[in-house]
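A quick write-up on the structure given underneath.
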Amino acid sequence: MPDTALPTYKAKDFTTDQEVRWCPGCGDYAILAAVRKTLPKLQTRKEDYVFVSGIGCAARFPYYMNTYGMHSIHGRAPAFATGVKLANPQLDVWLASGDGDLLSIGGNHTMHMMRRNLDINVLLFNNRIYGLTKGQYSPTSEFGKKTKSTPMGSLDYPVNPLQLAIGTGCTFVARSIDVDMKHLEAVMLAAAAHRGTAFIEIYQDCNIFNHQAFFYASQKDTKADATIELEHGKPLIFGADREKGIRFRGTKLEVVTLGNGISESDLVVHDMHDHGLAFLLAQMTHPEFPEIRGILFQDTERKPYDELVHEQLEQAVEAHGHGDLHALLHEGDTWEVTG
Amino acid sequence: MPPEAPASGGASIEPTVREQMVVRFCGDSGDGMQLTGGQFTTSSALFGNDIATFPDFPAEIRAPRGTTFGVSGFQVQFASTEIYTPGDMVNAMVAMNPAALKTNLEDVEPGGIVIVNEDEFTKVNLRKCGYDEGYNPLEDDEFLTRYRVFPIPMSRLTRESLTDSGMGAKDVDRCRNMYALGIVSWLFGRSLDPTIDFLNDYFGTQKKKPEIADLNISALKSGYFFGETAELFPVRYEVAPAPQNPGRYRRISGNEATVLGFVTAARKAKKNLVYASYPITPASDLIHGLSRLKHFGVKTFQAEDEIAAVSAAIGAAFAGDFALTGTSGPGLALKSEAVGLAVMYELPMVIIDVQRAGPATGMPTKTEQADLLQAMYGRTSESPVIIVAPAGPADCFDVAVQAFRLAVHAMCPVIFLSDGYIANGAEPWLIPDVEAIPPIEVTHPDVTNNEGGPYLPYVRDPDTLARPWPIPGTPGLEHRVGGLEKQEGTGNVSYDPDNHDHMCRTRAEKVQRAAALIPPLTVRGPESGELLVLGWGGTYGSITTAGDELRKQGLPVATAHLRHLNPFPSNLRAVLDRYETIVIPEINFGQLRTLIRDRFLIDVVGINEMKGRMFRVEELVTKCRAILKERSGQAAAGRKRHA
């Protein structure tokens, strides 16, 4: 890495000459644009980015980013990304893949990457459907969903990506949506600044196989009631007129309308370092609750796995000196045969 | 180094000189037989014998005491001549309980020494291991006349010798193995010093329990003195040091040599090594060994599964480290999709498969060499990789270095096929001069090959057909690798039919061209003639010994051994053509035979078995003799017909 000033990048510096081949109207375009706009704001050289993906529509992402990139195999992107960080923790590794890739076939690797706290930024493109294989239900599809593979309705109960992330010890958990690029950029900037696994669930519209799946969260007339923007240290208020809030009732959350003796001081105040609260907030699902947006949780204390690995290497050198190959080969009982 | 007997005396028995001896220690899996055998081996190696060992243990960590499936054994052959196997028949066996005797006796030569701990031959124990009610081999005249049996009350004698120690019964009873080792050390005139040093270091220094070290040392010495004073044994044996090439030696197992070889490979390339794996028998010792070498720049990663392990290794290769993953057969099956991706990426890495008996879970602690075709073809589509296989424990070192040399040369994954027999077996190793090992040249480009346009990651070296290895962090060389077919040169996604055909052929050709780095195959014995016995992997020792024996019997038999299975050495065809009959013994149903027949359209005779163990030399000798006889009979009949 050269010791010269960081060049000023523009979005087009991160654009390859490859034609983007997503369906017209796909939510992936907006996410790609947001990423290309975000990277120039970071203090990272272009050559230090590595974009890693698995398989699926979203997984084509690296081909469109003019950085180092790996389009890998189905579900294993977290493991490939882990290997990149093991080799070189200086690299800024981003993982872009879909709900099928990261939560179904790759659920195991996603979980272990998060619990180890690899310093990787994860963009989960959640469209609640299998797009590339043409319309089967995904692990985030709602119960009873009728698709090509479930004509009588899916019998799978969906996984909640945020709860999974919180449950496996992920140190940065957030949610955003494809159509709100400003919001997405802000969340990505915060994720990029985080040391450790930064997991962003992005609601993404598959306009071919699951169009309008997140309409409630994106449309002007519904989103104020269907979502709630989290701000650290602020009470949980939402609604078109900010007339509603979330408060505790015993150990459970409930939606309340402000007024009639209920004031802001009765509401839950968001503490993004509170692991237990994060789990409860992640549970809020439409239509019973507004769904959270923004940064749900962050643990700034835990060191990333890759950093610890390299610390151990240094400790080993401190304790034993830089490995002496000759001495290593001569370890243990040896004997001399003279000619 | 002469044996340092702890005391004089016992010399009244004139030792019988033997060229080699095979000794087996067996007992319950909690009896410490591996340690006992290992220590006896070290003493023999330090004495200057050539040695070869064969540890044989159950998959159960602590099977119920006294049962036959909980028996653990350790066999060692030590010799005053060069040897290549742990030996067929056992000359002297120590059995710590009836179950060990029952399961191991058939391997003892008639008239062989059988030392048993007679205290364990109780009614309960005899019943537990399935002897007929009321039967006790120690009262069976047939058994007692067939072997030279020495029943010794080892449990009682160990306790008696340690009564003054003040230690608990449990600790005292654990020293029985050292008592047995003492007896055997006396029988073969072996010094106790290496074991005493080991016990002091292991229990005293490492475990901080010097009292346990003292206890074991007392038991060891008591066993030795017992052998000396009890005059139980009418014999003592002497196996003189073997002539060996000058230099410094150590005893090394296959897995240990594999660890050292890969660390050396990384050092010779000035690279850090990433070893990603998921624990699996018999490969787990690789991560145990490598994880303590962090000061050599070795990063070990115990992944969540086999697939994550290989994937992480590939990620590390992309980022520029030496990438290694290790497993056994079932794990290789899980890794196969990712290995195919590494073929597609054209990145260097090594996948170790320490083969074990399969299919499925099979017999995890038993050996087999039946993953060759999996390594060769066990991936989707046309997905060629380089395949190497060490011939024995010490050879793992050289082949490991060679594996990375080939991987980097061809920018291609390499599969390293070890096996349980090689991995756990041990032999003396002439420690190489690290300075004399040539460096592994690795080049990462730092300037673009396409000024004014995007970097071209799939432009090839015209000779090797290898692509460059640009690594992240290098400005101007940003590029993407992927599992989708790539356009030659640019690496962009391509569905062009001609390009796909070209790329598939190029990846195959690239592997074949790696033969440039492979030394020619050499033969042992006649350079041409009637019979060539060709082997690969762990059969080297048995085949070599059998070949030597057949030639001693006056038969025109040559042997040769392949360390490279893909590509083959360039002269293989020429070598095969020099012999009338080719025989390939394999611990599978003829996998190399299939490859050779397919490649060269020649007939090959197989000697095949799947018993979870290595060939016995005697078996190979007998079968080769039969093949020779049959062939000469056919030839004679043929001549008659044509006459």
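Just so you know, all these numbers are worked out from the coordinates, no wet-lab data involved. For clarity, every value in this text was computed on a predicted model and none was experimentally measured. When we count neighbours, we look across all protein chains shown, and the Cβ atoms used for this are built from the backbone with ideal geometry, even at glycine.
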Review point. For the stretch A:294-339, what number results from the quotient of the Cα radius of gyration and 2.2 N^0.38 Å?
Key: 2.20
**Study point:** Greater than 24 Å apart at Cα, pairs in B:Lys366/B:Lys510; B:Lys270/B:Lys335; A:Lys46/A:Lys182; A:Lys182/A:Lys220
**Key:** B:Lys366/B:Lys510; B:Lys270/B:Lys335
Exercise for review: Enumerate the calculated ³J(HN,Hα) couplings along the stretch B:467-481 in order (Karplus 6.51 cos²θ - 1.76 cosθ + 1.60, θ = phi - 60°), each rounded to whole Hz, writing x wherever the residue is Gly or Pro.
Suggested key: 8, x, 10, x, 10, x, x, 9, x, x, 10, 4, 7, 10, 10
Study note, to complete from the structure: Shape descriptor, the stretch B:15-150: equivalent ellipsoid semi-axes (Cα gyration tensor, sqrt 5λ, whole Å, largest first) stand at 26, 18, 11
Check your understanding: Let a ≥ b ≥ c be the square roots of the eigenvalues of the Cα gyration tensor of the stretch B:250-431; is it rounded (a/c under 1.5), or, if not, prolate (a/b larger than b/c) or oblate?
Key -> rounded
Check your understanding: List the aspartates and glutamates whose alpha-carbon lies under 19 Å from that of A:Lys234, not counting same-chain residues fewer than 8 positions away?
Key -> A:Asp225, A:Glu243, A:Glu254, A:Glu264, A:Asp266, A:Asp271, A:Asp274, A:Glu291, A:Asp299
Revision key, fill the gap. Within the set A:Asp241, A:Asp28, A:Asp266, GNM on chain A using Cα springs under 10 Å gives the largest fluctuation to A:Asp241
Check your understanding: Cα-based Rg of the stretch B:438-489 per 2.2 N^0.38 Å, rounded to two decimals?
Key -> 1.20
Study note, to complete from the structure: Residue-ordered couplings for the stretch B:380-385, obtained by feeding phi - 60° into the Karplus form 6.51 cos²θ - 1.76 cosθ + 1.60 and rounding to whole Hz (Gly and Pro as x), are 6, 6, 8, 9, x, 10
Exercise for review: Please name which of B:Leu215, B:Gln20, B:Leu187 has its Cα lying farthest along the dipole of the stretch B:16-238 towards the positive end, using unit charges on Cβ (Lys, Arg +1; Asp, Glu -1) and the Cα centre as origin.
Suggested key: B:Leu215
Check your understanding: Among B:Thr258, B:Thr448, A:Thr251, what is the fewest-to-most ranking by other Cβ atoms within 10 Å?
Key -> A:Thr251, B:Thr448, B:Thr258
Review point. Any idea what angle helix B:254-268 forms with the longest principal axis of chain B, computed on alpha-carbon atoms, 0 to 90 degrees, nearest 10?
Key: 40 degrees
Review point. Roughly how many debye, to the nearest 20, is the charge dipole of the stretch B:355-408 about its Cα centre, given +1 on each Lys and Arg Cβ, -1 on each Asp and Glu Cβ, and no other charges?
Key: 120 debye
Check your understanding: Dimensions of chain A along principal axes (Cα, Å, largest first)?
Key -> 98, 48, 47
Point to revise | For the stretch A:188-305, projected area of the alpha-carbon convex hull averaged over all directions, nm² | key: 9.1 nm²
Practice item. List, in order, the whole-Hz ³J(HN,Hα) value for each residue of the stretch B:529-542 obtained from phi through the Karplus relation with A = 6.51, B = -1.76, C = 1.60 and θ = phi - 60°; use x for Gly and Pro. Key: x, 6, 9, 10, 9, 10, x, 8, x, x, 7, 3, x, 5
Point to revise | Kirkwood Rh and Cα Rg combined as Rg over Rh, evaluated for chain B | key: 1.02
Practice item. Give a quick list of GluC sites (Glu not before Pro) in the stretch A:242-339 that DSSP marks as loop, anything other than H, G, I, E or B, with at most 14 other Cβ atoms within 10 Å. Key: A:Glu243, A:Glu288, A:Glu301, A:Glu331
Practice item. Give the long-range amide H neighbours of B:Gln355: residues separated by 5 or more places, or on another chain, with amide H under 5 Å away, using H modelled in the peptide plane at 1.01 Å from N. Key: B:Ser418, B:Asp419, B:Gly420
Practice item. Have a look at B:Tyr147, B:Pro364, A:Cys23 and report the one farthest towards the positive end of the charge dipole of the protein assembly as shown, computed about the Cα centre with Cβ charges (Lys/Arg +1, Asp/Glu -1). Key: A:Cys23
**Study point:** Stokes-Einstein diffusion coefficient of the stretch B:160-267, Kirkwood radius over Cα pairs, 4 °C, 1.567 mPa s, in µm²/s
**Key:** 79 µm²/s
Exercise for review: Would you mind checking the tilt of helix B:329-345 against the longest principal axis of the Cα atoms of chain B, expressed as 0 to 90 degrees and rounded to 10?
Suggested key: 20 degrees
Point to revise | Cα Rg, Dmax (largest Cα-Cα span) when computed across the stretch B:331-414, Å | key: 13.1, 36
Practice item. Please give the calculated 222 nm ellipticity per residue for chain A, where each DSSP H segment of at least 4 residues contributes -39500 (n - 2.57) and the sum is spread over every residue; nearest 500 deg cm²/dmol? Key: -7500 deg cm²/dmol
Practice item. Compute the acute angle (0 to 90°) between the alpha-carbon long axis of helix B:497-513 and the principal axis of greatest extent of the alpha-carbon atoms of chain B; round to the nearest 10°. Key: 40 degrees
Study note, to complete from the structure: Going from the fewest other Cβ atoms within 10 Å to the most, one would list B:Val605, A:Val84, B:Val108, B:Val76 as B:Val605, B:Val108, B:Val76, A:Val84
Practice item. Counting other beta carbons within 10 Å of each Cβ, put B:Asp463, B:Asp31, B:Asp197, A:Asp156 in order, fewest first. Key: B:Asp463, B:Asp197, A:Asp156, B:Asp31
Review point. Taking amide hydrogens as modeled 1.01 Å from N in the peptide plane, which residues meet the under 5 Å criterion relative to A:Tyr9, leaving out close sequence neighbours?
Key: none
Exercise for review: Treat every Asp and Glu Cβ in the stretch A:1-152 as -1 and every Lys and Arg Cβ as +1, leave all other atoms uncharged, and give the resulting dipole magnitude about the Cα centre to the nearest 20 debye.
Suggested key: 420 debye
Study note, to complete from the structure: Under 5 Å from the placed amide H of B:Val481, counting only residues 5+ away or on other chains, we find A:Gly69, A:Met70, A:His71
Point to revise | P(r), alpha carbons of the stretch B:78-217 - 10 Å bins starting at zero, rounded % | key: 11, 33, 33, 20, 3
**Study point:** Positive-end residue of A:Phe143, A:Asn126, A:Met114, charge dipole of the stretch A:92-203 with Cβ unit charges
**Key:** A:Phe143
Exercise for review: Determine one quarter of the surface area of the Cα convex hull of the stretch B:523-642, which equals its mean projected area, and express it in nm² to one decimal.
Suggested key: 7.5 nm²
Check your understanding: How long are the three semi-axes of the equivalent ellipsoid for the stretch B:299-377, computed from the Cα gyration tensor as the root of 5 times each eigenvalue, in whole Å, largest first?
Key -> 23, 13, 10
Point to revise | For the stretch A:252-289 versus the stretch B:282-357, the gap between their alpha-carbon centres in whole angstrom | key: 46 Å
Study note, to complete from the structure: Taking Cα atoms only, Rg over Rh for the protein assembly as shown with Rh from the Kirkwood formula is 1.05
Revision key, fill the gap. Expressed in angstrom and rounded, the centroid-to-centroid distance over alpha carbons for the stretch B:21-61 and the stretch B:198-241 is 15 Å
Exercise for review: Highest first, please rank the peptides B:470-477, A:10-17, A:220-227 by the mean number of other Cβ atoms sitting within 10 Å of their residues.
Suggested key: B:470-477, A:220-227, A:10-17
Point to revise | B:Tyr377/B:Gln512 FRET efficiency (R0 22 Å; Cβ-Cβ; nearest 0.05) | key: 0.90
